[in-house]
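Participant: The structure that follows is given in the form of structure tokens.
Only the coordinates and a few stated rules stand behind these numbers; no lab work does. Here the structure is a predicted model, which is why all the values come from computation and not from measurement. Here the Cβ positions follow ideal geometry from the backbone for every residue, glycine too, while neighbour counts run over all protein chains shown.
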Amino acid sequence: MSILDLFKTTSPISKISLDVHKAEPRCIRQFHQSNYFWGTGHKQETTLRATPCSGYALARTLLPDQSNSSWQKVLDLGLEKLSAVFHDVENPQSDGAPSTQQIADICLSDDLVAWREEQHKAGKILPAKGYGITPVSDAVIDLLGVKGWPAPLLTNSALFGAGLVNLLLGAYDSEVLYSNYCSDMGFFYEHGYDKVFPEYQSLFRKSATNPHALATIGGRKRREAADLGLQYIRTKISLEETHKANLANKTAIINRKDAVALNFCECSLWGLAAEMIVQGSDSAGLINDFVFSCPATDVVDVGSDIHNSELFNSFLNTADITQTGVVSEEVLRRVYDAQAHSGARMFTERWAEPGARMCSLLYAWHILNDRHNFLRRAVLGYCKVRDAPRPAQREADFEEVFDDNLHTTGFSRPLISACNGEVICDHVEGRLARSYGDPLLKDLWFYMAEGPLEYASKGVVDTVTEERLIEGLRIALARAYSYGLVDDLAWFAAHASQHAWQMASSLWNTFSLPTAFFSSPVAAILTPVAAGALVGYSTTSVNNTQAIYRAIRQPPFYPPGWVFGPVWTMLYGAMGYASYRATVAGLSSPSSAVRHLAHTSQGLYTMQLVTNLVWMPLFFGCRKPLAAFVDMLVLAGTVVGLANNYRKIDSVAFYLLLPYLGWLGFASYLNFGVGYLNGWDISDEKIGRSTKKE
């Protein structure tokens, strides 16, 4: 019996196609026999989901037990802070004591205002936030077998948000999983689903009274907590509607203790949290994760929503900003690092836990939800990536990175379980090796990490590429789930999130000509030819290269000087066309490994071209034959690596590089021979004054 068979036999709504995926039977049997559906597996019992977490002391105090009064107390804390903040919006206390002020007026720093204006003048304008209600594709529906589900459940925002979270967590059986998904749809009140879908509110009303789900372990507590969470959401929405005319350029002033309570309320998934705690998850770790879900969401909204309601934003609420009222690049980086460090253990050491799985999917959700335009934000903002060596990955608890007043402390410690930080890092390579190079997982990593990074690093908006990456990720997620790769999917989502939060792009993705130079045959050929001609002309115009060539002592078999120009023109053209063929073939390949080779090759090609162009100024301009010979060796080694990549991508591209490699071998012989015969000194004083330009 497959996953989809389980949906077919237990789901009251869905009619499943039996031939949706072609999974290897053993993989599906393992999925079925595991405790994913713990009411139908071999053990038919829930298991302890997590051992107690170390640290997270502040989160541990928020919910000391699972009593209704404890949950109500947290809700009361959130509602009281909401009331106080919105009261201050209506009745500003400009002359009040700082300790009583609830809101701060904020603005962008002069530098950021100037940068934004410069970007807008260049036409680099971020589109308005989407509505997040586009329906999922038929391909995704077929892969997951969810045809016939109500429309609110089949939007990209909902299915790849609350839906995918529940798919990664499992449940008593598929009927309960479906009911849990409906229960979590309260999250989308803030997205206006109640105004768009007539059946929206009935979904979680029915879920709240589902007798089968209520009878499962934690099922009743989940639905009670979900109802409490809805009270906070509805109250906040009502207050924002009432005061929306006065919310621009304001943010709440909160302390660290308030932040934990408010962020936990803001996560809007109380039901999920309550059930997981009942089933054995450590409450402190889970609350910490749900608190982190706010900065994991707000990180894509800083700045773009200042003119809307950003009263409660995990970045803007920090004392680093509220104390001055100025949102500067330096401060944003400081707060960003603090938030990134506070989530590191969750993404690496604790990736399998429920709260970590929920937070891990937020990164993919930003890409897929048709609301946040994440890829467009990434490409437009990539110029702000730090121009510095990649720092070591670090971690700390929330109460360590922020003081009592919610000001950053600058504290962190090295992350013990850090990877090496490459685009395909050692941890990813290890995971792929254990799966015997499963192409599903390779594609998943490409669409989660490699593809978005490659696109953003080029700095050129391309709507076609954006759509390809977005729908590709949707399909990759759905396929991985349909094959039962739930734990692998959770791990890759967590590790992609860690990469997104703490790792800069690799050398090959930053030190590379834009893809546009490789994807056009004309541009690919003319770029090296024109660059070589420019360097040759500029060097010759300053130095009499022909006279130097005639004056120096030459090794046997040296060619006449006039040969070099035509030979290099042909070689430049051939290498350019080879780069075009390899790029087009590589990037269009269905294999993520080949696509990665194509991206890497762009960096290698750029490096060899720069190294090539440096040789002539070194030899004829600086008269440094030894430095030129070292440059030639580096060049030859780089071209060998490039040729090896091309061999795996396109055989014609590989053969086009062979004459280049042969000529480099001959040129290395000439360079060494000249250096050796002339004592590695070809200065005017050494070879005579006849080299001076006539």
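Participant: With angles folded into 0 to 90 degrees, how steeply does helix 651-677 sit against the dominant principal axis of the chain? Use alpha carbons for both and round to 10.
Facilitator: Computed tilt is about 50 degrees.
Participant: Out of the range 103-189, which trypsin sites (Lys or Arg not before Pro) are coil in DSSP terms and have no more than 16 other C-beta atoms within 10 Å?
Facilitator: Taking the range 103-189 and a limit of 16 other Cβ atoms within 10 Å, the loop trypsin sites (Lys or Arg not before Pro) found are K124, K129, K147.
Participant: Among W365, M276, V401, pick out the residue whose Cα is farthest towards the positive end of the charge dipole of the range 269-428, where Lys and Arg carry +1 and Asp and Glu carry -1 on C-beta, about the Cα centre.
Facilitator: W365
Participant: Also, quick follow-up: Are there trypsin sites (Lys or Arg not before Pro) in the range 368-469 that DSSP marks as loop and that have at most 16 other Cβ atoms within 10 Å, and which are they?
Facilitator: Here the sparse-neighbourhood loop sites are R386.
Participant: Which distance in Å, rounded to a whole number, links the C-alpha centroids of the range 196-275 and the range 442-489?
Facilitator: The range 196-275 and the range 442-489 have Cα centres spaced 30 Å from each other.
Participant: Going by the alpha-carbon gyration tensor, a ≥ b ≥ c the square roots of its eigenvalues, is the range 226-279 rounded (a/c under 1.5) or, if a/c is not under 1.5, prolate (a/b greater than b/c) versus oblate?
Facilitator: oblate
Participant: Under 1.5 on a/c is rounded, so check that first for the range 515-691, then, if it is not, pick prolate when a/b is larger than b/c and oblate when it is not; a ≥ b ≥ c are the square roots of the alpha carbon gyration tensor eigenvalues.
Facilitator: Prolate shape, in that a/c is at least 1.5 and a/b is the bigger ratio.
Participant: Kindly work out what percent of the DSSP beta bridges joining two residues of the chain are antiparallel, to the nearest 5.
Facilitator: Around 70 percent of the beta bridges assigned by DSSP in the chain are antiparallel ones.
Participant: Tell me the label only: which of [x] 1.14; [y] 1.20; [z] 1.05 is Cα Rg over 2.2 N^0.38 Å as calculated from this structure?
Facilitator: Among [x] 1.14; [y] 1.20; [z] 1.05, the one calculated here is [x].
Participant: Let me ask something else about it. With contacts defined as alpha carbon pairs under 8 Å and 6 or more residues apart, what's the relative contact order of the range 515-691 in percent?
Facilitator: Relative contact order, the range 515-691: 30 percent.
Participant: Would you work out which of G621, F557, Q546 lies farthest towards the positive end of the dipole of the range 515-691? Charges go on Cβ: Lys and Arg +1, Asp and Glu -1.
Facilitator: Final value for the positive-end residue is F557.
Participant: Quick check on the exposure proxy: order H366, H499, H427 from fewest to most C-beta atoms within 10 angstrom.
Facilitator: Ascending Cβ contact count within 10 Å gives the list H427, H366, H499.
Participant: If each residue of separation counts as 0.36 nm, what is the full-extension length gain between E199 and E117 once their alpha-carbon separation is subtracted?
Facilitator: Here the answer is 25.2 nm.
Participant: Magnitude of the Cβ-charge dipole of the chain, K/R +1 and D/E -1, about the Cα centre, nearest 20 debye?
Facilitator: 2180 debye
Participant: Output the pairs from K195/K236; K129/K250; K121/K195 with a Cα-Cα distance over 26 Å in this structure; if there are none, say none.
Facilitator: K121/K195
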